[in-house]
Amino acid sequence: MNNKSKTALVLSGGGARSFCQIGVLKVLEKEKIPINLIVGCSMGSAIGALFATGVPAKKIEELIFDFCQQKRVRDLEKQFTLEPQGIKKIGEFIRDIAFYIIDIFREGVWEEENLMESLSRLIPSNLTFADAKIPFACVATDVKEGKRILIQEGNLLRFVAASSSVPGLFSPIKDKGRILVDGGVLSRMPVTAAEKMGADFVIAMSSGKLDNKKPSKALEVLMRATEIRELEFARIESSLADFLFSPPMEKWDWFSFSKAKEIIDKGEEEAKIQVSLLKEALNKENTEKKNLRRVLLPLFY
């Protein structure tokens with residue numbers, strides 16, 4: 001790549017599975033792979049924001065371990081984990097869902113302040129996008145207008161929360177007439193957002209594919225249907241990246257927060273295998289993907 005080229009790093013959503021991207025970052029950092037801009041979605045936006053503001057990958061790993069120890073996060077995992085009493089727990093959670101749907105004034109299991117309080121364990125509340133050492137943006141979905149939103153300015157914590165607000169679980173973030181929820185609704189792998197920011201070469205990070213688990217409860221069917229849609233959009237955008245890291249994540253679920261170390265280690269293991277291929281790709285002249293992203297960009301933004 002010539003000195004004027006911009007290499008973008010795209011971090012996808014996927015809940016706890018997104019932690020594999022920290023392992024990839026550890027390898028990229030060690031190998032001194034140049035990154036000129038970063039785009040993130042959902043949990044990937046939190047990880048990307050940290051890396052963009054100069055936090056080393058190893059420190060991000062430590063912050064994630066601390067984040068996962070929060071009672072709210074542990075309780076969220078328990079609500080979706082099938083243990084000996086798992087069916088009862090899922091039943092109670094479905095009952096809670098029904099109650100808050102009836103109450104039209106409640107927009108999510110976690111209110112905005114709860115989500116922001118939890119994410120503040122990762123991102124200081126006083127930081128803005130302007131504080132990033134590497135240009136950074138995150139994506140959210142405006143459910144009022146029904147479109148992707150690329151966010152590049154304002155309070156970092158607030159808009160990372162918007163990018164991470166899974167519909168139904170977290171309340172939307174309201175901003176200037178927009179109603180913002182998880183970017184993964186439309187752009188779990190925001191490769192086209194990197195193109196919009198001027199990327200010449202895009203390194204994308206996947207957080208897994210659909211597993212073969214059979215949903216049996218109403219809530220499981222709902223969550224799986226949502227994941228199928230998100231992964232299909234992600235598959236399309238992934239194909240537009242110049243290089244894709246895709247560690248096998250089928251062993252874990254999006255709520256496997258207690259398995260953070262295993263997930264990070266798997267990402268690092270996979271990145272060590274693939275990084276030599278990335279270096280080769282960076283040194284090749286290839287405009288095909290760039291031209292394809294440019295042509296398709298108006299369909300996304």
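With respect to being assigned to a helix (DSSP H, G or I), at pLDDT 75 or above, hydrophobic (A, V, I, L, M, F, W, C) and touching a Leu at 6+ places or on another chain (Cβ under 6 Å), ILE60 fits the description.
Matching residues to (1) of a type in the set (Lys, Arg); (2) within 30 Å of PHE67 (Cα to Cα); (3) at pLDDT below 90; (4) not in a helix (DSSP H, G or I):
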site	(1), (2), (3), (4)
LEU244	no, yes, no, yes
PRO248	no, yes, no, yes
LYS259	yes, yes, no, no
ILE264	no, yes, no, no
ALA271	no, yes, no, no
SER276	no, no, no, no
ASN286	no, no, yes, yes
LEU296	no, no, no, no
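Being outside any helix (DSSP H, G or I), open to solvent by 80 Å² or more (accessible area, probe 1.4 Å) and either of a type outside the set (Ser, Thr, Tyr) or under 27 Å from ARG72 (Cα atoms) (or both): is that true of LYS214 here? Yes; evaluated as a whole, the condition is true for this residue. Can we say GLU230 is of a type in the set (Asp, Glu) and open to solvent by 70 Å² or more (accessible area, probe 1.4 Å)? The answer is no for GLU230. Every listed requirement among (1) under 24 Å from PHE136 (Cα atoms); (2) modelled with pLDDT of 90 or more is met by SER207 save one, (2). For the stretch 233-260, which positions are small (Gly, Ala, Ser), buried (at least 22 other Cβ atoms within 10 Å of the Cβ) and in contact with a strand residue (DSSP E or B) (Cβ under 6 Å, 6 or more places away or on another chain)? Scanning the stretch 233-260 gives a single hit, ALA241.
Can you pull out every residue in the stretch 266-301 that is aliphatic (A, V, I, L, M) and either under 14 Å from LYS196 (Cα atoms) or open to solvent by less than 80 Å² (accessible area, probe 1.4 Å) (or both)?
ALA271, VAL275, LEU278, ALA281, LEU282, LEU292, VAL295, LEU296, LEU297, LEU299 - these are the residues of the stretch 266-301 that are aliphatic (A, V, I, L, M) and either under 14 Å from LYS196 (Cα atoms) or open to solvent by less than 80 Å² (accessible area, probe 1.4 Å) (or both).
The values are calculated or read from the model by the stated rules, or taken from the named source; none is laboratory data. This is a predicted model, so every value here is computed, not measured. Note that we place each Cβ from the backbone using ideal geometry, even for glycine, and neighbour counts take in every protein chain shown. Just so you know, the surface numbers come from the protein's heavy atoms only, side chains and all, with ligands and any DNA or RNA stripped out. Shrake-Rupley method; radii C 1.70, N 1.55, O 1.52, S 1.80 Å.
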